[in-house]
Amino acid sequence: MDPIETLFSAARAAQGRAHAPYSRFRVGAAIRDEAGAVHAGCNVENAAYPVGTCAEAGAIAAMIAQGGRRIAAILVLGDGAALVTPCGACRQRIREFAGPDTPIHVAGPEGLRRTFTLDELLPASFGPDNLA
Ligand code: THU
């Protein structure tokens, strides 16, 4: 299968399992790690609203728990007409495990809509190198 299609399928399956009773906005995310393994996550909201987590955070947690260490590509899938780009906090979460050229694919229910690089979404970023 096409590599983006594989991420899209994983993100769609996770989106279907999202816990989003408050916003009713379901999001799925899927990461391909440096070894080619795919890790997915969905948003998990909470009655105490700020405690909710984004799909990207779930996918990153799954990657780390399963032994992946780098994001080779990530796809985010949400409904609606607008592009579901990662929120600011998730751009920084992705930054921890990705390089400036890492592709961030943004998809809608019909498929891929647009691809950004991490540097396009988070220019002049602060990352692990700043602490070296
Ligand atoms: N959300 C994500 O999971 N990822 C994004 O990239 C954008 C927003 C979630 C957070 C919240 O559960 C819902 O979408 C509405 O903001």
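Values quoted throughout were computed directly from the atomic coordinates according to the rules given, and no laboratory measurement underlies them. It should be emphasised that the depicted structure is a prediction, and the values quoted were computed from it without experimental measurement. When we count neighbours, we look across all protein chains shown, and the Cβ atoms used for this are built from the backbone with ideal geometry, even at glycine.
Using unit Cβ charges (K, R positive; D, E negative) and no other charged atoms, how large, in debye to the nearest 20, is the dipole of the chain about its Cα centre?
Dipole of the chain, to the nearest 20 debye: 320 debye.
Distance in nm between label sites at residue 46 and residue 110, each 7 Å beyond Cα in the beta-carbon direction?
Simple spin-label model gives 3.7 nm for this pair.
Going by average Cβ density within 10 Å per residue, which order do the peptides 63-73, 2-12 take, highest to lowest?
2-12, 63-73
Across the Cα atoms of the range 45-112, what radius of gyration and what greatest pairwise Cα-Cα distance (Dmax) are found, in Å?
12.7, 37
Set Lys and Arg Cβ to +1 and Asp and Glu Cβ to -1, take the dipole of the range 3-126 about its Cα centre, and tell me which of 50, 82, 68 lies farthest positive.
Ranked along the dipole, the leading option is 50.
What order do you get for 93-100, 37-44 when each peptide is scored by the mean count of other beta carbon atoms within 10 Å, highest first?
37-44, 93-100
Would you mind telling me the antiparallel percentage of the DSSP bridges in the range 3-126, rounded to 5?
Beta bridges within the range 3-126, antiparallel portion: roughly 80 percent.
Can you divide the C-alpha Rg of the chain by 2.2 N^0.38 Å and report the result to two decimal places?
The reported ratio for this selection is 0.98.
For labels at residue 79 and residue 25 in the simple 7 Å Cα→Cβ model, what's the distance in nm?
Computed distance between label sites residue 79 and residue 25 equals 1.3 nm.
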